[in-house]
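Step one of this worksheet: look at the structure below.
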């Protein structure tokens, strides 16, 4: 009886490992066979990902995703979700890759696997130019309302570094916090500095300013992500970024989308 049980356990383990191996090995081949790479984005977050004036997906991460699809020899399908719908879309199989300005955290990594960071940003506090807030202590008060993105790293950072302030969460992209600030719905906002700086040209000059003091212990990485069982796809994404960093395509993307404003004319 004991021997039969041991044999049954061994067979179960072998079958599990075999099926897992198939899952690991099948992701890339399934995408190629399908002829389509499905990428989940949050399109309300220019210049990372947005819908341009032609009604087409655009942005830095969409550009990288298009490069991945081209390298695979398949079409790109961009799927738009709210921030809190991105991870569920990946886990459900609707998307193969999650491409958002998302910071890898231990909690998120329990659900999904992050590729190597493609860029680093730093959380900041921003407010209107005429506001009297200059230090974090000025914002960290009960009568100050701070806008953040629901489910974002900035939301957690705001609660940690501004525990006395009222935190008001918004669904959507970082632009919504700037709009809420200028409309007087919040007194300040927390988001990564790059996301704030890149949308400011769309608003009246000198209407918003960033506090000099940044939040956190240093810069936060942003990464693409895949499901845990997509091991070969994760390795391929890392190889892709290594390749475009070497051939200059990475620098072209960053220069166009994140360091300049020419894209506003084109899109």
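The values are calculated or read from the model by the stated rules, or taken from the named source; none is laboratory data. It should be emphasised that the depicted structure is a prediction, and the values quoted were computed from it without experimental measurement. Ideal geometry is used to build each Cβ from the backbone, glycine not excepted, and the neighbour counts take in all protein chains shown.
Of 171, 164, 213, all but one fail to be loosely packed, with under 14 Cβ neighbours inside 10 Å and touching a residue at least 40 places away in the same chain (Cβ under 8 Å); the exception is 213. Taken as a whole, the structure places residue 82 among residues that are touching a residue at least 12 places away in the same chain (Cβ under 8 Å) and out of contact with any strand residue (DSSP E or B) (no Cβ under 8 Å at 6 or more places or on another chain).
Within the range 157-183, the residues that satisfy the criterion of being in contact with a strand residue (DSSP E or B) (Cβ under 9 Å, 6 or more places away or on another chain) and farther than 18 Å from residue 83 by Cα are 159, 161, 162, 165, 166, 181, 182. When residue 198 is tested against the conditions (1) in contact with a helix residue (DSSP H, G or I) (Cβ under 9 Å, 6 or more places away or on another chain); (2) not assigned by TED's automatic domain parsing to the domain that holds residue 145, the lone failure is (2). When the range 185-203 is filtered for residues that are out of contact with any strand residue (DSSP E or B) (no Cβ under 6 Å at 6 or more places or on another chain) and modelled with pLDDT of 95 or more, only 185 remains.
Checking each residue in the range 204-263 for being modelled with pLDDT of 90 or more, over 18 Å from the mean Cα position of the chain (by Cα), in a helix (DSSP H, G or I) and closer than 30 Å to residue 125 by Cα picks out 251, 252, 255, 256. Would you confirm whether or not the range 87-95 contains a residue that is assigned by TED's automatic domain parsing to the domain that holds residue 231, in contact (Cβ under 8 Å) with a residue 60 or more places away in the chain, crowded, with 22+ Cβ neighbours inside 10 Å and not in a helix (DSSP H, G or I)? The answer is no, given that none of the residues of the range 87-95 is assigned by TED's automatic domain parsing to the domain that holds residue 231, in contact (Cβ under 8 Å) with a residue 60 or more places away in the chain, crowded, with 22+ Cβ neighbours inside 10 Å and not in a helix (DSSP H, G or I). Taking the stated definitions as given, is residue 117 surrounded by 21 or more Cβ atoms within 10 Å (Cβ to Cβ) and closer than 17 Å to residue 253 by Cα? Judged against the criteria, residue 117 is not a match.
Scanning the range 158-172 for residues being assigned to a loop (DSSP other than H, G, I, E, B) and in contact with a helix residue (DSSP H, G or I) (Cβ under 8 Å, 6 or more places away or on another chain) gives a total of 4. Looking across the range 181-192, just one residue is in a helix (DSSP H, G or I) and surrounded by fewer than 18 Cβ atoms within 10 Å (Cβ to Cβ), and that is 182. Within the range 128-154, the set of residues being crowded, with 20+ Cβ neighbours inside 10 Å and closer than 25 Å to residue 84 by Cα comprises 146, 147, 148, 149, 152, 153, 154. Among the residues of the range 215-257, those identified as within 30 Å of residue 138 (Cα to Cα) and in contact with a helix residue (DSSP H, G or I) (Cβ under 7 Å, 6 or more places away or on another chain) are 215, 216, 220.
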